[in-house]
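Visitor: Let me give you the structure first, and then I'll get to my questions.
The values are calculated or read from the model by the stated rules, or taken from the named source; none is laboratory data. Keep in mind that this is a model prediction, so the values were computed, not measured. Glycine gets a Cβ as well: all are built from the backbone with ideal geometry, and neighbour counts include every protein chain shown.
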Amino acid sequence: MFTGIIEETGKVISLEPLKGGLEITIESPLTAALQIDDSVSINGACHTVVYTSANRFTVQSVEETLRKTSIGDLKEGEIVNLEDSLTMQKKLDGHIVQGHVDTTGVIQSVTEEGANWLITVGFDAAFGHLLVPRGSIAVDGISLTVARLERDNFTLAIIPYTWDHTSLRQRKTGDRVNLEFDILGKYVLRALETGHIKADAYIPKSDS
């Protein structure tokens, strides 16, 4: 489990095809905190560390991950967002992020607005019920707030610190990004859909 607060970025050093997957080696200061079998979020997708050296670590992406995420789009030299897994000693500064990508979106525009940036992301409208204005979403592993929401796109307001310390600064129109919707909202929707709770269960009844 993660928080969506990016701890470090890393540089993709090598991409080696595997039978049914991809082996990825990344150079980053975060390596010092990682051990073999640890979970690490790479652009929002949870991976298991299979090898570490002084300043590099290696993970393996399975075919399912490559199919559902943008991990297969990575190129050598590309910057990626990294987060070590959550422990009981860490603060939950962002929101609960599982590292299980729901779908990908496509960047429609990147606009500088004063000191900030506005990024609009298009996505499959079938997932629209999982978003609310000013709600949380993980985009490439970053915990962000939906500033504006339309039927098939949403806009994010990015502050300078987030821009400077994540891979967002290298994103451009047409790039795919990983999207994970808020797990708490998904559980509530599932409970409503299966009838385990009713939509009006907690609405106070009038005395009249």
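Visitor: Inside segment 151-195, can you point out the residues that are among the charged types (D, E, K, R), closer than 14 Å to Ser136 by Cβ and surrounded by fewer than 16 Cβ atoms within 10 Å (Cβ to Cβ)?
Guide: Looking only at segment 151-195, we keep the residues that are among the charged types (D, E, K, R), and these are 151-152, 164, 169, 171-172, 175-176, 180, 182, 186, 190, 193.
Applying the additional criterion that residues be closer than 14 Å to Ser136 by Cβ yields 180, 182, 186.
Result: Lys186, single match.
Visitor: Among the residues in segment 123-132, are any touching a residue at least 60 places away in the same chain (Cβ under 8 Å), farther than 16 Å from Lys172 by Cα and in a strand (DSSP E or B)? Give the steps one after another, and end with the answer.
Guide: Applying the first criterion (touching a residue at least 60 places away in the same chain (Cβ under 8 Å)) to segment 123-132 yields 129.
Next, from what is left, pick out any that are farther than 16 Å from Lys172 by Cα: 129.
Adding the requirement that they be in a strand (DSSP E or B) leaves none.
No, because not a single residue in segment 123-132 is touching a residue at least 60 places away in the same chain (Cβ under 8 Å), farther than 16 Å from Lys172 by Cα and in a strand (DSSP E or B).
Visitor: Another question about this same structure. Give just the number: which of (1) in contact with a strand residue (DSSP E or B) (Cβ under 6 Å, 6 or more places away or on another chain); (2) in a helix (DSSP H, G or I); (3) within 25 Å of Thr65 (Cβ to Cβ) does Ile119 not satisfy?
Guide: (2)
Visitor: Is there any pair with a first residue in segment 167-183 that is within 21 Å of Leu66 (Cβ to Cβ) and a second that is assigned to a helix (DSSP H, G or I) and among the charged types (D, E, K, R) whose Cβ atoms are under 7 Å apart and which are 6 or more apart or on different chains, and what are they?
Guide: Cβ pairs passing all conditions: Arg176/Asp73.
Visitor: Filter segment 3-20 for residues that are at pLDDT below 95 and either touching a Leu at 6+ places or on another chain (Cβ under 7 Å) or basic (Lys, Arg) (or both); which is nearest to Arg169 (Cα to Cα)?
Guide: Out of the qualifying residues, it is Thr3.
Visitor: Taking Arg190 as the residue in question, decide whether it is outside any loop (DSSP other than H, G, I, E, B) and closer than 26 Å to Ile42 by Cα. Spell out the reasoning first.
Guide: Values: outside any loop (DSSP other than H, G, I, E, B): yes; closer than 26 Å to Ile42 by Cα: no.
Here the answer is no, as Arg190 does not meet what is asked.
Visitor: Of all residues in segment 133-187, which are touching a helix residue (DSSP H, G or I) at 6+ places or on another chain (Cβ under 7 Å), more than 19 Å from Val97 (Cα to Cα) and part of a loop (DSSP other than H, G, I, E, B)?
Guide: Arg151, Asp152, listed by residue number.
Visitor: While we're looking at this one, here's another question. Any residue that is in contact with a helix residue (DSSP H, G or I) (Cβ under 8 Å, 6 or more places away or on another chain) and under 20 Å from Arg176 (Cα atoms) - is there at least one of those in segment 48-60?
Guide: No, because not a single residue in segment 48-60 is in contact with a helix residue (DSSP H, G or I) (Cβ under 8 Å, 6 or more places away or on another chain) and under 20 Å from Arg176 (Cα atoms).
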